[in-house]
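K.L.:
Got a structure for you, questions after.
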Amino acid sequence: MNYTYADLADLLYAQETPQIDGGIKGIAYDTRRIYGADDLAFFALHTTKDNGHVYIQDAYDKGVRCFVVQEDVDLPHDACVLKVEDTLEALQTLAKKHREQFSYPVIAITGSYGKTMAKEWLYSLLKDDYQIIRSPKSYNSQLGVALSLLEMSHEHNLAIIEVGISEPGEMEILEDIVDPTLGIFTGIGAAHQENFESEKQHVKEKLKLFKHANFVFAQEEYASPFRRSKINVEYPSQPAKALAAMAATPFKATLENCIECALFLGRQPEDMEPLVKQLPTVASRMEILVGKNDNLLINDTYSLDLHALEQALNYLLSIKEKKQKIAVIDLTLSSKDEQEKVVAFMDNFPLDEVYFLKDEIIPEALDNIKNAAILFKAKRRSFIKKEIENFKEKKHDTWLEIDQSAILENIQLFRSKLNNNTQLLCMVKASSYGSGDVKMAHLLESAGVDYLGVAYADEGVDLRKAGIQSPIMVMNTSESAFQEIIKHDLEPAIFDLPQLEAFIRSLIRFKKTNFPIHIKVETGMNRLGFSEEDLEGLFELLQAQPEVTVKSVYSHLASSDDAASSFTHKQAKRFAQYKDIFDHKLGANIHYHLLNSSGILNFPEYQYSMVRLGIGMYGYIPHQNGLKPSLSWYTRISQIKEIEAGETVGYNQSFTANKKMHIATLPIGYSDGLRRVLGHGKGEFFLAGKKVHTLGNICMDMCMIDVTDITCKKGDLVEIIGDNNDIFDLAKASETIVYELMTGISKRVERVYLQH
């Protein structure tokens, strides 16, 4: 039988699904993300790109027993198959019914640009007063909105939902299921403009979302369409504008709307001021690549409307590590009117050079540019996407993606655990845990962190040469590096008297006084640091010599990963005793820091006036909800071979096939950071929706995998670390820890920096 959408929603929501004990607790539509499937309903969605009915057997094999379909399917008798006319409409009806169970406010955000940015900013402004459910990532489509609404629960008291449309008629469907209480309208740009008769029609369609909303927050330039639509609208007040002016972002209008909404919901201006100052700059889907001739490439070939262009140009101008700023704008897919608008708009930005492309030819002059930041901006289908490859420094088919937006969100999460006056020192040692020291340092500096930390002086020197101006603490300082430390205004950690005496002699030679230093004390790690018996000599030297001034006193926890560690409390007690002594001897104008990433989460009571954030920025602390993984490691298939039973694979003939097999060779080996212990099936990767395993030994530059039961071809993407292949699992299989895995990824592996 065919179910009506309403009947299906009632059936699933009432948890009375036939053959499913206990009813349905959740839904799935992507078999790659199915875990614990016995209480899920799988919706076989049919889109222009794919057909979910193809994956029904895979879902069944993973334990799903309830299926919502729009085509006839053949499944065993223990499966519950519910057939409807359209599975997406059925899912939307279920989302509507779920939304109706909650009376708390729902804030809907729409517009042609800045929806995700507005959502994240509004969340940051309100999260201290509300338990908020918000759309994950950029889930604002017909499917994404439904999935977002299904996340609502009685644990929350506010929802923030992104809503996007690409053509007329879509918004009425979404308005019906979202039923927003309040709204934010970010504005109209050229995105999807080709699907509407005019900008006026585009605005009118967007505003249909708010026809039953109590209030909408928008800019006054849209007063006329709001008036025609008879929608209650609030424009930014002076307090909202004043607060937005404090933020380091070019997108003041969007921020003003968010602040006005937060004021409406009861937030006080004085409470929001520190939050506004900490809001990260959010760029849109940019890739930051290392280019030839020491250039930095920004690939933003996704949209060319003026708002997206402004966002990209402001990001280009914000890059401090390259003085020369160049833009390459592809106009080949733009109308004459669009071209004229873009050319005129570019006059507002002080760039060194702009290249407008009106045919599919790259200017030869780009080959001669050195040490510059180059923005490539174009529409999504531009020819320039492939041309960018020719300007990249490395073309190794193995690369590491670093999600800078996820890193910034993780930093915000750690900041939320700290007192307002607690300073943040972010560690960028070991090439920022393998992610790239210079790029990370610039990101952290722009995010407003108070200090950077490195292991050795040469790391700090490289940052200074790259234009980093933040204070830099050097954790392990050798006497041979003193001259460079002084020359580049680095701040050494001092851990014994001979080291301090030698450093003072260097300062005297360079005629320096009041040079900042950091004192490390021993509390139980037994690695480096002054002990109690050293303190008398230390204070005598500090009080006698004007060459140095103590900026901070710190120590290192040995077991902060363990929230139940009694040893951590013993260390903290010992550190408190040191603090009393230093306060008495040197006064109160000194920072104290004990906590690392795990310490911030597990022992926040010991945060003092500064904390040190390291691997936590990247999201890799076990068993911690809310942190976002930031690294993805990929490679591509170089070649596929068919081998017969009895043939061997790799060095030492260490694998022998017992049947006819297909094997794929990947351009990644132990010189890239893939540990040799991962050979012989211990290495597990992800290809074409399935797990694959290594065959034979890992070679220096390559490895082989079994693809016998997988449909794949040369050039296909293989995930080493990512959404489907957890870094903790790979570290365990590698017989190491995540720290070593990250820092061991070779420099020849290209780093690609992403921002959403």
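K.L.:
So what is the accessible area of the range 532-613 per residue, in Å², with the probe set to 1.4 Å?
P.N.:
Using a 1.4 Å probe on heavy atoms only, each residue of the range 532-613 averages 45 Å².
K.L.:
Which whole-number percent gives the relative contact order of the range 484-631, counting Cα pairs below 8 Å spaced six or more residues apart?
P.N.:
Relative contact order comes out at 18 percent.
K.L.:
With unit charges on the beta carbons (Lys and Arg positive, Asp and Glu negative) and the dipole taken about the Cα centre of the chain, which residue among ILE411, ILE621, TRP121 sits farthest to the positive side?
P.N.:
ILE411
K.L.:
For the range 662-756, what is the accessible area per residue in Å² when the probe is 1.4 Å?
P.N.:
42
K.L.:
Rg to Rh ratio, the range 145-260, alpha-carbon atoms and Kirkwood radius?
P.N.:
Rg divided by Rh gives 0.97.
K.L.:
Compare the Cα positions of PHE43, LEU8, THR254 along the charge dipole of the chain (+1 at Cβ of Lys, Arg; -1 at Cβ of Asp, Glu; about the Cα centre) and return the one farthest towards the positive end.
P.N.:
Highest projection toward the positive end goes to THR254.
K.L.:
Separate question: Loop-only GluC sites (Glu not before Pro) in the range 592-674, please: DSSP not H, G, I, E or B, and at most 10 other Cβ atoms within 10 Å.
P.N.:
GLU644
K.L.:
Counting just the Cα atoms, what span does the chain cover along each of its three principal axes? Round to the nearest Å and put the largest first.
P.N.:
Computed over the Cα atoms, the extents are 89, 78, 62 Å.
K.L.:
So for the chain, averaging the separation of alpha carbon pairs under 8 Å that are six or more residues apart and normalising by length, what relative contact order in percent results?
P.N.:
The value is 9 percent.
K.L.:
Looking at the range 458-501, what % of the alpha carbon pairs are farther apart than 17 Å?
P.N.:
26
K.L.:
Put VAL81, VAL428, VAL54 in order of accessible area, largest first, 1.4 Å probe: what do you get?
P.N.:
VAL54, VAL81, VAL428
K.L.:
Please compute the length gained on full extension between MET346 and ASP359, using 0.36 nm multiplied by the number of residues separating them and subtracting their Cα-Cα distance.
P.N.:
My answer for the length gained is 2.8 nm.
K.L.:
Also, I was wondering about something else. Largest first, please: the extent of the C-alpha atoms of the range 511-610 along each principal axis, to the nearest Å.
P.N.:
Cα extents, longest axis first: 47, 24, 23 Å.
K.L.:
About its Cα centre, how strong a charge dipole does the range 328-433 have in debye, to the nearest 20, once Lys and Arg get +1 and Asp and Glu get -1 at the Cβ?
P.N.:
In total the dipole reaches around 540 debye.
K.L.:
So what's the net charge close to ILE173: Lys and Arg +1, Asp and Glu -1, counting the other residues with Cβ under 14 Å from its Cβ?
P.N.:
Spelling it out: positives minus negatives among the neighbours equals -4.
K.L.:
Could you let me know the centre-to-centre spacing of the range 173-247 and the range 570-621, using Cα atoms, in angstrom?
P.N.:
If you average the Cα positions of each part, the centres end up 46 Å apart.
K.L.:
Compare TYR634, TYR620 by solvent-accessible area with a 1.4 Å probe and give them largest first, with all protein chains kept in place.
P.N.:
Reading off the accessible areas and sorting them downward yields TYR634, TYR620.
K.L.:
Determine the calculated [θ] at 222 nm for the chain from helices alone, applying -39500 (n - 2.57) to every DSSP H run no shorter than 4 residues and normalising by the residue count; nearest 500 deg cm²/dmol.
P.N.:
Taking each H run of at least 4 residues, the total per residue is -9000 deg cm²/dmol.
K.L.:
Explain nothing, just compute: Karplus ³J(HN,Hα) = 6.51 cos²θ - 1.76 cosθ + 1.60, θ = phi - 60°, for every residue of the range 100-115 in order, whole Hz, x for Gly and Pro.
P.N.:
5, 7, 10, 9, 6, x, 10, 9, 9, 10, 9, x, 7, 7, x, 5
K.L.:
Looking at the range 670-756, which GluC sites (Glu not before Pro) are in a loop (DSSP not H, G, I, E or B) and have at most 16 other Cβ atoms within 10 Å?
P.N.:
Answer by residue number: GLU735.
K.L.:
While we're on this one: Taking the Cα centre of the chain as the origin and placing charges on Cβ (Lys, Arg +1; Asp, Glu -1), which of LEU678, THR549, THR711 is farthest toward the positive end of the dipole?
P.N.:
THR549
K.L.:
How far is it, in nm, from the label point at LYS660 to the one at ASN314 when both lie 7 Å from their Cα along the line to the Cβ?
P.N.:
Distance between the two pseudo-spin positions: 6.1 nm.
K.L.:
Then there's this: Under unit Cβ charges (Lys, Arg +1; Asp, Glu -1), what dipole magnitude, rounded to 20 debye, does the chain have relative to its Cα centre?
P.N.:
The dipole of the chain has a size of about 1400 debye.
K.L.:
Between the range 374-397 and the range 677-756, what's the alpha-carbon centroid distance in Å?
P.N.:
Value for the Cα centre distance between the two parts: 25 Å.
K.L.:
Residues with beta-carbon under 15 Å from that of PRO492, excluding PRO492: net charge, scoring Lys, Arg +1 and Asp, Glu -1?
P.N.:
Around PRO492, the surrounding residues sum to -2.
K.L.:
Please compute the Kirkwood hydrodynamic radius over the range 208-338, one decimal place, Å, based on all pairs of different Cα atoms.
P.N.:
17.6
The values are calculated or read from the model by the stated rules, or taken from the named source; none is laboratory data. Keep in mind it's a predicted model, so treat the numbers as computed, not measured. Positions of Cβ are generated from backbone atoms using ideal geometry, with glycine treated the same way; all protein chains shown enter the neighbour counts. Areas reflect the complete protein model, heavy atoms only, side chains present, ligands, DNA and RNA absent. Shrake-Rupley method; radii C 1.70, N 1.55, O 1.52, S 1.80 Å.
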